[in-house]
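Before any comments, here is the structure.
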Amino acid sequence: MKNVYLRSHGATNCEGITRRDALKVGGLSFLGLSLPEFLRMRKAAAETASPLKDKNCILLFMNGGPSHMDTWDLKPDAPAEYRGEFNPIPTNVDGMQISEHFPRLAKHGDKLAIVRSVTSPEGSHERACHYMLTGQRILPTLEYPAYGSVLVREKGFKSSLPPYVALPQTLRGGGAGYMGAVYQPFSAGRDGKIPDATSPVGEDRMKARAALLKEQDAEFRRNDPDGTLGALDEFYERAYDLVSSGSAKKAFSLAAEPDAVKEAYGSSSLGQGCLLARRLVEAGTRFVTVSFGGWDTHGNNFKNLKEKQLPPVDAALSALLADLQDRGMLDDTLVLWMGEFGRTPKINKNAGRDHYPKAQSVVFAGGGVRAGQVVGATDATGSLPAERPVTPEDMAATIYHLLGVDGRKTYVSSTGRPIRIVEKGQVVRELTG
């Protein structure tokens with residue numbers, strides 16, 4: 001990991017030691033973050049400051065494309081070659097039914113808003129992932145930023161933790177796109193550790209440099225009429241806090257969680273990722289993506305879903321919703337469940353379902369969402385939206401609205417092209433009230 005060097009306009013003490021020398025430590029390069037970039041993020045946080053609580057987001061992405069017909073939009077009256085093997089069960093909301101393999105989630109129907117009419121033209125994994133995670137179709141010469149990257153650019157830091165984290169790794173389409181490396185998510189890896197947040201100089205030398213910095217501050221501040229060093233201090237403190245054994249290591253560790261909590265989330269990678277996401281948001285991270293693969297079920301769809309895919313979702317999502325509510329965090333944390341597309345309503349010869357972007361389901365919870373409802377509907381075979389079609393652009397407009405981001409704002413790409421955050425979509429008002 002490269003060191004971060006902080007510049008102080010050449011100010012030196014009597015021995016010729018610059019503040020840059022004092023601050024030569026590894027730190028915020030986990031985001032590729034330089035001082036000018038940090039100052040931009042700091043300014044954004046100040047400009048968006050509000051007496052209202054910040055909204056955070058935990059996005060659960062089902063990598064591979066989950067079948068809407070076997071999760072949130074079952075069709076028990078469709079012909080056998082469409083309806084499949086699973087039956088619907090009622091939830092605690094009248095008229096809302098979901099898969100029989102979601103018995104725990106059925107008790108949380110009042111926290112869910114299920115959008116059953118999401119539709120897209122993109123049927124390839126890479127292009128569809130980008131579309132669902134950005135609300136923009138990928139172009140040959142331009143990759144758009146994901147929701148988390150835009151939120152970080154607009155809102156800045158809340159704590160010393162990375163403001164955007166991807167668990168276990170950054171998704172296709174889940175990066176910063178044309179905005180650059182500073183807004184990339186921090187990928188924690190499959191073991192939940194923080195591999196890039198390690199000091200290259202050792203703990204003793206880090207402490208010595210921190211002490212030297214403190215000694216030099218009084219002299220440097222005499223040469224700081226514009227108060228720039230206040231920002232430098234904040235930058236240094238974030239770097240030092242990350243590489244020392246403070247809040248970052250604590251937030252990324254599940255050791256302090258009671259066994260009962262860990263058991264409720266489940267031992268799957270999705271369950272542990274959801275628990276870690278809750279800890280990160282609680283500690284100051286703004287946006288966490290948790291990906292869970294295995295959904296590309298071209299064969300043995302029902303066996304794979306029943307044994308490998310649906311039980312972890314039932315445990316992890318239900319535990320996350322209950323945990324956020326118990327901690328008073330649900331109203332301020334938007335929870336999303338989605339994949340890149342749905343799957344073919346008609347079952348293939350291998351007992352599987354293939355890629356199908358024309359119809360899919362997306363689930364919203366928390367974050368001010370009007371819950372306890374189903375939005376939109378597909379036709380009798382789950383093939384096309386029959387009511388209230390919703391596009392990925394509409395999804396983006398709605399997500400940004402819920403997170404307090406003005407989708408009408410325009411950015412400028414590195415080539416000088418003006419680009420609106422949301423170019424076409426409309427907010428799904430049924431979700432926002």
Inset, instruction - Within segment 86-106, identify whether any single residue is at pLDDT 95 or above, aromatic (Phe, Trp, Tyr) and outside any loop (DSSP other than H, G, I, E, B), and answer yes or no. - result: no
Inset, instruction - Report, by residue number, each residue of segment 107-157 that is touching a Ser or Thr at 6+ places or on another chain (Cβ under 8 Å), aliphatic (A, V, I, L, M) and modelled with pLDDT under 95. - result: Leu142
Legend entry - Leading residue by the ranking (nearest to His125 (Cα to Cα)) among those in segment 294-335 that are among the charged types (D, E, K, R) and over 19 Å from the mean Cα position of the chain (by Cα): Asp296
Inset, instruction - Among residues belonging to segment 408-433 that are open to solvent by 90 Å² or more (accessible area, probe 1.4 Å) and modelled with pLDDT under 90, point out the one that is nearest to Gly366 (Cα to Cα). - result: Ser414
Legend entry - Matching residues in segment 336-356 - criterion: being in contact (Cβ under 8 Å) with a residue 60 or more places away in the chain and open to solvent by 20 Å² or more (accessible area, probe 1.4 Å): Lys346, Ile347, His355, Tyr356
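Right, Tyr131: out of contact with any strand residue (DSSP E or B) (no Cβ under 9 Å at 6 or more places or on another chain) and surrounded by 24 or more Cβ atoms within 10 Å (Cβ to Cβ) or not? First the steps, then the outcome.
On the way: out of contact with any strand residue (DSSP E or B) (no Cβ under 9 Å at 6 or more places or on another chain): yes; surrounded by 24 or more Cβ atoms within 10 Å (Cβ to Cβ): yes.
In short, yes.
Please report, ordered by residue number, the strands (runs of 3 or more DSSP E) entirely within segment 285-380 with at least 2 residues that are touching a strand residue (DSSP E or B) at 6+ places or on another chain (Cβ under 8 Å) and not aliphatic (A, V, I, L, M).
Working: elements: 287-292, 333-339, 360-365, 373-375.
Per the criteria, 287-292, 333-339, 360-365.
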Inset, instruction - Taking Arg116 as meeting all but one of (1) closer than 16 Å to Ser318 by Cβ; (2) touching an Asp or Glu at 6+ places or on another chain (Cβ under 6 Å), write down the number of the exception. - result: (1)
Inset, instruction - Could you check Gly366 against (1) under 17 Å from the mean Cα position of the chain (by Cα); (2) buried (at least 24 other Cβ atoms within 10 Å of the Cβ); (3) within 22 Å of Leu139 (Cα to Cα) and say which number it fails? - result: (3)
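In segment 66-107, what residues are charged (D, E, K, R), crowded, with 21+ Cβ neighbours inside 10 Å and in contact with a helix residue (DSSP H, G or I) (Cβ under 9 Å, 6 or more places away or on another chain)? Before you say what the answer is, go through the steps one by one.
Step one: list which residues in segment 66-107 are charged (D, E, K, R), which gives 70, 73, 75, 77, 81, 83, 85, 94, 100, 104, 107.
This time we only want the ones that are crowded, with 21+ Cβ neighbours inside 10 Å, so: 70, 73.
Answer for segment 66-107, where residues must be charged (D, E, K, R), crowded, with 21+ Cβ neighbours inside 10 Å and in contact with a helix residue (DSSP H, G or I) (Cβ under 9 Å, 6 or more places away or on another chain): just Asp70.
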Inset, instruction - Determine which single condition Leu276 fails, assuming it passes every other condition in (1) in a helix (DSSP H, G or I); (2) of a type in the set (A, V, I, L, M); (3) open to solvent by 20 Å² or more (accessible area, probe 1.4 Å). - result: (3)
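Inspect all residues belonging to segment 120-141 and state whether any of them is assigned to a strand (DSSP E or B) and in contact (Cβ under 8 Å) with a residue 12 or more places away in the chain. Write out each step before concluding.
If we filter segment 120-141 for residues that are assigned to a strand (DSSP E or B), which is where we start, we get 139.
Within this subset, residues satisfying the condition of being in contact (Cβ under 8 Å) with a residue 12 or more places away in the chain are none.
Scanning segment 120-141, I find no residue that is assigned to a strand (DSSP E or B) and in contact (Cβ under 8 Å) with a residue 12 or more places away in the chain, so the answer is no.
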Inset, instruction - Search segment 135-165 for residues being over 15 Å from Met395 (Cα atoms) and among the polar types (S, T, N, Q), and hand back the single one that is most open to solvent (accessible area, probe 1.4 Å). - result: Thr141
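Quick check on Ser383: is it touching a Phe, Trp or Tyr at 6+ places or on another chain (Cβ under 9 Å), open to solvent by 20 Å² or more (accessible area, probe 1.4 Å) and modelled with pLDDT of 95 or more? Reasoning before the result, please.
Details: touching a Phe, Trp or Tyr at 6+ places or on another chain (Cβ under 9 Å): yes; open to solvent by 20 Å² or more (accessible area, probe 1.4 Å): yes; modelled with pLDDT of 95 or more: yes.
So Ser383 passes the test.
Filter segment 166-184 down to residues that are in a helix (DSSP H, G or I) and open to solvent by less than 20 Å² (accessible area, probe 1.4 Å), then give me how many there are. Even if it seems obvious, please write down each step before you answer.
Step one: filter segment 166-184 for residues in a helix (DSSP H, G or I), giving 177-179, 181-183.
This time we only want the ones that are open to solvent by less than 20 Å² (accessible area, probe 1.4 Å), so: 182-183.
Residues meeting the conditions: 2.
The values are calculated or read from the model by the stated rules, or taken from the named source; none is laboratory data. Not measured: the values here are computed from a predicted model. When we count neighbours, we look across all protein chains shown, and the Cβ atoms used for this are built from the backbone with ideal geometry, even at glycine. All accessible areas refer to the heavy atoms of the entire protein, side chains included, with ligands and DNA or RNA removed. Shrake-Rupley method; radii C 1.70, N 1.55, O 1.52, S 1.80 Å.
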